[in-house]
Every structure is written in structure tokens, then in C-alpha cells.
Amino acid sequence: MSESEDGRLEALQAALAAEHAAVYGYGVVGGRIGEGRRTEARAAYDAHRARRDALAREVRDLGGRPVAAAAGYTLPFPVRDAASAVRLAAELEDGVAGVYSDLVRAADGARRATAAGALREAAVRAVRWRGGSVAFPGLAERAGTPSAPASPSATPTQ
């Protein structure tokens with residue numbers, strides 16, 4: 001495998017790990033979110049599951065073994081009510097946007113377009129959850145940091 005293919009595979013694996021974390025995190029969000037935003041949380045959960053499954057296929061297509069989901073993840077703060085569930089959802093989307101920005105840089109062609117679409121979707125969901133946006137979704141909070149294997153808001157427990 002070439003160095004560029006290794007970079008793409010690594011970025012795909014990081015995106016897959018972030019999607020695993022997002023799926024887990026949205027399970028927590030769904031248990032605490034208010035009735036008024038439950039449909040939005042379910043749609044985000046379904047979108048992350050679909051992206052996770054597509055990424056696992058892409059990793060296999062490149063000859064890799066998809067990174068497995070952790071048994072559990074440590075959340076950045078206790079999620080006890082609807083307000084903290086909304087905050088967690090926004091942080092999950094920020095984390096996913098960050099790894100998709102890495103994948104946009106590592107990929108080309110159709111894979112880059114797909115990664116850019118995923119970045120855009122995560123940024124839009126983050127805005128909806130937060131009620132405001134950042135100038136460069138996926139980049140501002142990650143300036144100078146390498147790719148993380150999972151969303152910074154939901155890291156695997158050991």
C-alpha cells in the first residue's frame with residue numbers, strides 16, 4: 001500500500017471511530033433529550049449509523065480491517081437532563097466534523113466529496129443543536145492537533 005493510501009485508510013479509520021463514538025453518544029442523548037427534539041436526535045443517530053456502516057465498507061474495500069466500536073465511551077460531562085443532552089449532541093457533531101476535515105484532506109475524488117458532505121452535515125447539525133455556528137467547522141477547535149481516533153467528546157473507556 002502506498003503512503004497516500006495509508007493516509008486515506010488512517011483517515012477513514014479515524015472517521016469510523018468517531019462515528020462509533022457518535023452512535024454511542026446519541027444513545028445517551030436520546031435517553032435524556034426532551035420530547036420536542038427527540039425526532040431530531042433520532043435522525044442524527046440514524047445518519048451516524050449509516051455513515052458508520054458506509055465507512056466500514058470503505059475500509060474493507062481498501063483491504064483494511066474496520067476499527068471496532070469500544071464497549072463504552074467516557075463522556076465529557078454528566079448528561080442528566082435535556083439541556084446537557086443538547087450540549088452533548090453539539091459536541092459530538094463538532095468531533096465528527098473534525099475527523100471529516102482530516103478525511104477531506106487525505107482523500108480525493110468521490111471519497112473527498114463524500115467526506116466534505118459528511119463534514120457539512122455534521123456542521124449543520126452542530127449549528128442546530130448549539131443555535132450558532134463557528135467560522136470553519138471541523139477546523140477551529142483542532143488547529144495544530146493531529147487526528148483523534150474518536151470524537152473528543154466521547155472517548156473509549158479502558
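Quick rundown of the values:
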| read-out | value |
| --- | --- |
| Total residues in region 49-85, condition hydroxyl-bearing (Ser, Thr, Tyr) and touching a Ser or Thr at 6+ places or on another chain (Cβ under 9 Å) | 2 |
| Residues located in region 69-108, provided they are part of a loop (DSSP other than H, G, I, E, B) and either in contact (Cβ under 8 Å) with a residue 12 or more places away in the chain or farther than 22 Å from Arg130 by Cα (or both) | Ala69, Ala70, Ala71, Gly72, Leu75, Pro76, Val79, Arg80, Asp81, Ala107, Asp108 |
| Of all residues making up region 54-68, the number that are open to solvent by 60 Å² or more (accessible area, probe 1.4 Å) and assigned to a helix (DSSP H, G or I) | 3 |
| Residue in region 9-28 that is of a type in the set (Asp, Glu), open to solvent by 70 Å² or more (accessible area, probe 1.4 Å) and either closer than 17 Å to Trp129 by Cβ or touching a strand residue (DSSP E or B) at 6+ places or on another chain (Cβ under 8 Å) (or both) present | no |
| Any chance Arg32 is over 30 Å from Ser2 (Cβ atoms) and charged (D, E, K, R) | yes |
| Identity of the residue in region 32-53, in a helix (DSSP H, G or I) and in contact (Cβ under 8 Å) with a residue 40 or more places away in the chain, that ends up most open to solvent (accessible area, probe 1.4 Å) | Arg32 |
| Identity of the residue in region 113-125, open to solvent by less than 30 Å² (accessible area, probe 1.4 Å) and touching a residue at least 60 places away in the same chain (Cβ under 8 Å), that ends up farthest from the chain's Cα centre (by Cα) | Ala115 |
| Restricting region 69-112 to residues that are at pLDDT below 95 and of a type in the set (Asp, Glu), the residue that is least open to solvent (accessible area, probe 1.4 Å) | Asp102 |
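To keep it simple, each residue is scored yes or no on (1) closer than 19 Å to Arg111 by Cβ; (2) among the hydroxyl-bearing types (Ser, Thr, Tyr); (3) modelled with pLDDT of 95 or more.
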residue: Gly7; (1), (2), (3): yes, no, no
residue: Val29; (1), (2), (3): no, no, yes
residue: Ala54; (1), (2), (3): yes, no, yes
residue: Val59; (1), (2), (3): yes, no, yes
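The values are calculated or read from the model by the stated rules, or taken from the named source; none is laboratory data. Everything numeric here is computed off the predicted structure, so don't read it as measured data. Cβ sites come from the backbone with ideal geometry, for glycine too, and all protein chains shown count toward neighbours. Heavy atoms of the whole protein, side chains included, go into the accessibility calculation; ligands, DNA and RNA do not. Shrake-Rupley method; radii C 1.70, N 1.55, O 1.52, S 1.80 Å.
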